[in-house]
Amino acid sequence: MDQDGIPGALFFNLNKDSPFSFKCQVCGACCHNKAIQVAPYEALRLARRLGISTTEFYRTSTEEGGTILRNKPDGSCIFLTAGGCDVYPDRPLVCRLFPLGQISDEEGREKYAAMPLHPDCLGLFGEDETVGSYLDAQETGPYFHYDMLYTAVYKKMPARLKTAGYETSETGTCSDSGPRDVRSSPQNILSNWFDIDRTVALFCRQHGRKEPKSLEETVSLHLEAIEAWLQAF
Ligand code: SF4
Ligand code: SF4
């Protein structure tokens, strides 16, 4: 689609009440050659599905400093199998949204656009339901909720680190450094803290807290750990 005469630009002209439906035929064509982003909550969900820690998940299943899912040599997503998505109940937000794209305008209002489809896509657009009901059916609620909480915390980070005299980087690998050691490696200072299991385990050890059991408790403690760390700067 074009917008304002710009080739490839999208029309974000839908809202939650707009008529919209899409019937995916689960062919997997769109699970190739994509940079599927993974935020901390998404990494935790995927790690729990795989029965591994987030530290192991970042090592085995991501690239670009833990920010996107790894692709196999043929370009397919690491989780795509002959039977479809192997992690479907815990697939990332972008996989749930597709074929919708979302932005927020200056007033924080969410707007949506129908994304271009893969040339081989057999999916069918319709107007039987609404954007809102599509999002509900895809169970996007917790993903948006935690994205909002993490965004609020991470927004504070660059200013805090700058005040403390560090240059920050958006990406990097998840090293074995704890927060003290991270001080000697400021280029990884943000990405180290994306690793929920590592951060929570360290926080619990340092503060004599019990390690959380549920997903919600784990995320809550992760956010608390980051806030405490920022306060300590
Ligand atoms: S996580 Fe699943 S749905 Fe998303 S790109 Fe990979 S295989 Fe496809
Ligand atoms: S290419 Fe289209 S039909 Fe195939 S899995 Fe992706 S959205 Fe569904």
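Only the coordinates and a few stated rules stand behind these numbers; no lab work does. For clarity, every value in this text was computed on a predicted model and none was experimentally measured. FYI the Cβ positions are ideal-geometry reconstructions off the backbone, even for glycines, and counts take in every protein chain you see.
On a straight-distance basis, which aspartates and glutamates could pair with Lys162 in a cross-link, Cα separation under 19 angstrom, same-chain partners fewer than 8 positions away excluded?
Reachable aspartates and glutamates: Glu170, Asp181, Glu227.
Per-residue HN-Hα couplings for the range 58-71, Karplus 6.51 cos²θ - 1.76 cosθ + 1.60 at θ = phi - 60°, whole Hz, x for Gly and Pro?
4, 5, 9, 10, 10, 9, 6, x, x, 8, 9, 5, 6, 9
Kindly put Cys27, Cys95 in sequence by how many other C-beta atoms sit within 10 Å of each C-beta, fewest to most.
The most exposed by this proxy come first: Cys27, Cys95.
Using 0.36 nm per residue, how much length does the chain from Glu107 to Glu139 gain when fully extended, once their Cα-Cα distance is taken away?
Roughly 9.1 nm would be gained on extension.
Starting from the range 12-64, pick out the GluC sites (Glu not before Pro) whose DSSP state is loop and whose Cβ has at most 15 other Cβ atoms within 10 Å.
In loop regions of the range 12-64 (DSSP not H, G, I, E or B), the sparsely surrounded GluC sites (Glu not before Pro) are Glu64.
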